[in-house]
Amino acid sequence: MEDLADGCVRFVERALGVRLDYRPETLPLLDHYLDQARGATSERVEALPMIAHMAGAYFGEVIRRRHASWWRLDGEDPTYWQVQFGSVYLAFSPVLFVREALTRGHRADAVLDLAEDSLSGDPAALELEEGDREAVAARLAELPSVSENEYYAPSTRLEVIDIAVDAMRSRRLEAGEDTDAALEPGDYERGGG
C-alpha cells in the first residue's frame, strides 16, 4: 500500500511540480491531477488501473492518517482493498472512489446528490451499519447538490466521510450510546460493530 501511495506522490510531483504530503489539504492537488489523468486514461485504458491504484492508495492513506482506521487487503487486486474505521463502523474502497473519478463519463447528471450516491448499494459507496445509514443520509441530504467535478473529487469525498463519522457519533450521543466504538478487523468480518 505504501509503495502505491508513494507512487502517486511521485506522479503528482512530476505532473504538477508539487509534492503531496498525506495531509487532507493536499487533496485538491490530487483532484487536479485526476482531472488531467482522466483524459489520459480514456485514451490509454491500460493506464487506468495503475493510476486508480496509486491515487486510491494515496487517498486511503490520507483518510487512514486522519481517522483511527486500517487497511483490509483482501486478495491481490487493490481495487477492492478497504479502509475500515475503528471508532465507527465505516468502510470504503478508496481505489473504487478514484476509479469512479477517472471513468465518470457514464453519468449523465449535471448535478449529483451526495446522500443518495454515497450510501447506495454501489461497491464504491460507504459501508455502514443500517442504524447509522439513516442518520448519515439525513445529514448529507442537508447539503446542496454538487457539480460533477466536485462530486468525484477526493477532497469532497473526504468531506462526506468526515460528515458521516460526525453524524454517526451524533446519533449515538443522542441515543445515550458510546460515541466511539473500539472496533477491530474481526468486527467487519462479522458484519458490524
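The values are calculated or read from the model by the stated rules, or taken from the named source; none is laboratory data. Bear in mind the structure is a predicted one, so any value in this text is a computation, not a measurement. Don't worry about glycine lacking a Cβ; one is built from the backbone with ideal geometry, like all the others, and counts go over all protein chains shown. Just so you know, the surface numbers come from the protein's heavy atoms only, side chains and all, with ligands and any DNA or RNA stripped out. Shrake-Rupley method; radii C 1.70, N 1.55, O 1.52, S 1.80 Å.
Any residue in region 128-135 that is under 25 Å from residue 28 (Cβ atoms), over 16 Å from the mean Cα position of the chain (by Cα) and at pLDDT below 90? Taking every residue of region 128-135 in turn, none turns out to be under 25 Å from residue 28 (Cβ atoms), over 16 Å from the mean Cα position of the chain (by Cα) and at pLDDT below 90.
When region 1-19 is limited to residues that are among the β-branched types (Val, Ile, Thr) and farther than 13 Å from residue 36 by Cα, the one that is nearest to the chain's Cα centre (by Cα) turns out to be 9. Applying the criterion of being in a helix (DSSP H, G or I) and of a type in the set (Phe, Trp, Tyr) to the residues of region 68-97, the residue that is most open to solvent (accessible area, probe 1.4 Å) is 80. Within the set 48, 30, the sole residue that is assigned to a helix (DSSP H, G or I), open to solvent by less than 10 Å² (accessible area, probe 1.4 Å) and touching a residue at least 24 places away in the same chain (Cβ under 8 Å) turns out to be 30.
Hey, does region 116-124 have a residue that's among the small types (Gly, Ala, Ser), part of a helix (DSSP H, G or I), surrounded by 18 or more Cβ atoms within 10 Å (Cβ to Cβ) and at pLDDT 90 or above?
There is no residue in region 116-124 that is among the small types (Gly, Ala, Ser), part of a helix (DSSP H, G or I), surrounded by 18 or more Cβ atoms within 10 Å (Cβ to Cβ) and at pLDDT 90 or above.
Of all residue pairs spaced 6 or more apart or on separate chains, those with beta-carbon atoms under 7 Å, a first member in region 118-140 that is closer than 13 Å to residue 168 by Cα and acidic (Asp, Glu) and a second member that is at pLDDT below 90 and open to solvent by 50 Å² or more (accessible area, probe 1.4 Å) are 129/193.
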